[in-house]
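Reviewing the structure listed below.
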Amino acid sequence: MCDLKFGKIERPILDDKVVLLRKEFFDKLSDEKFMYVLSTHDRGSLSKSYFYLIVDKLRESGLLMDNAVSFSAVLPFKASSEGIWFADGLLYRRDKELFYINMESDRLSCESCPIFSHCIYAIKTIAKDRDIPLIKENPREEWKLIIDSFKKEFGVKVASLKILSFK
């Protein structure tokens, strides 16, 4: 079970950083309105106030900077009094394409997936872009392999993390 979304970016690209995003906000990105605002400057049918409310939330999260997309990948995390850990999800930007996968959602099932071919396209695109060998036959297992490779790469490359003061 998963939730899978696609999008085309019309905004300029400013940065290629990996962003860690709290799972609760990552889940909101599956909403078409959030994906729409992340992708374009155009308000479309959204009210001006609602459009800019979403823009502000995307800026606060580090996904937008100066009205430009400022990430190459987003990894969701969960936090509690017991610690911090990665959730199973990924928002990936390849040039002007967006791929969103939330493996903890029960919206879609592989057995009856209406966007199966899009799923396979996303898997192959990301795997090729990141040089991740595909060895599983089940798309869910392939997604898990891709997400785990991002987690491992992040763990190897991170030198420090800054968080807000505990005051």
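The values are calculated or read from the model by the stated rules, or taken from the named source; none is laboratory data. The structure displayed is predicted, hence computed values, not measured ones. Virtual Cβ from ideal backbone geometry, glycine too; neighbours counted across all protein chains shown. These accessible areas exclude ligands, DNA and RNA; they are computed on the full protein's heavy atoms, side chains included. Shrake-Rupley method; radii C 1.70, N 1.55, O 1.52, S 1.80 Å.
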Quick one: in segment 27-46, which of the residues that are open to solvent by less than 60 Å² (accessible area, probe 1.4 Å) and more than 22 Å from Ser105 (Cβ to Cβ) is modelled with the lowest pLDDT? Gly44
Output the residues belonging to segment 105-117 that are in contact (Cβ under 8 Å) with a residue 60 or more places away in the chain and open to solvent by 80 Å² or more (accessible area, probe 1.4 Å). Asp106, Arg107
Could you list all residues from segment 77-114 that are of a type outside the set (A, V, I, L, M, F, W, C) and within 12 Å of Lys23 (Cα to Cα)? Lys78, Ser80, Asp88, Gly89, Asn102, Glu104, Ser105
In the set Asp88, Asp3, the lone residue that is out of contact with any Ser or Thr (no Cβ under 6 Å at 6 or more places or on another chain) and closer than 21 Å to Trp143 by Cβ is Asp88
In segment 135-158, the residues that are free of Cβ contacts under 8 Å to residues at least 24 places away in the same chain and open to solvent by less than 70 Å² (accessible area, probe 1.4 Å): Glu142, Leu145, Asp148, Ser149, Glu153, Gly155, Val158
Of the conditions (1) under 18 Å from the mean Cα position of the chain (by Cα); (2) surrounded by fewer than 20 Cβ atoms within 10 Å (Cβ to Cβ); (3) more than 17 Å from Lys8 (Cβ to Cβ); (4) of a type in the set (A, V, I, L, M, F, W, C), Ala68 fails just one. Which one is it? (3)
List, please: which pairs have Cβ atoms under 8 Å, are six or more places apart or on different chains, and start with a residue in segment 67-88 that is farther than 19 Å from Lys152 by Cβ and end with one that is modelled with pLDDT under 90 and acidic (Asp, Glu)? Ala68/Asp15; Val69/Asp15; Ser70/Asp15
Note on segment 43-64: residues under 18 Å from Lys17 (Cβ atoms) and either free of Cβ contacts under 8 Å to residues at least 24 places away in the same chain or of a type in the set (A, V, I, L, M, F, W, C) (or both) are Leu58, Arg59, Glu60, Leu63, Leu64
In segment 48-58, what count of residues is obtained for those that are open to solvent by 80 Å² or more (accessible area, probe 1.4 Å) and in contact with a strand residue (DSSP E or B) (Cβ under 7 Å, 6 or more places away or on another chain)? 0
Would you mention how many residues in segment 1-26 are open to solvent by 80 Å² or more (accessible area, probe 1.4 Å) and among the aliphatic types (A, V, I, L, M)? 2
Restricting the search to segment 1-46, which residues are closer than 21 Å to His118 by Cβ and either in a strand (DSSP E or B) or of a type in the set (D, E, K, R) (or both)? Cys2, Asp3, Leu4, Lys5, Phe6, Gly7, Lys8, Glu10, Asp27, Asp31, Glu32, Lys33
Taking Arg107 as the residue in question, decide whether it is among the charged types (D, E, K, R) and closer than 19 Å to Leu14 by Cβ. no
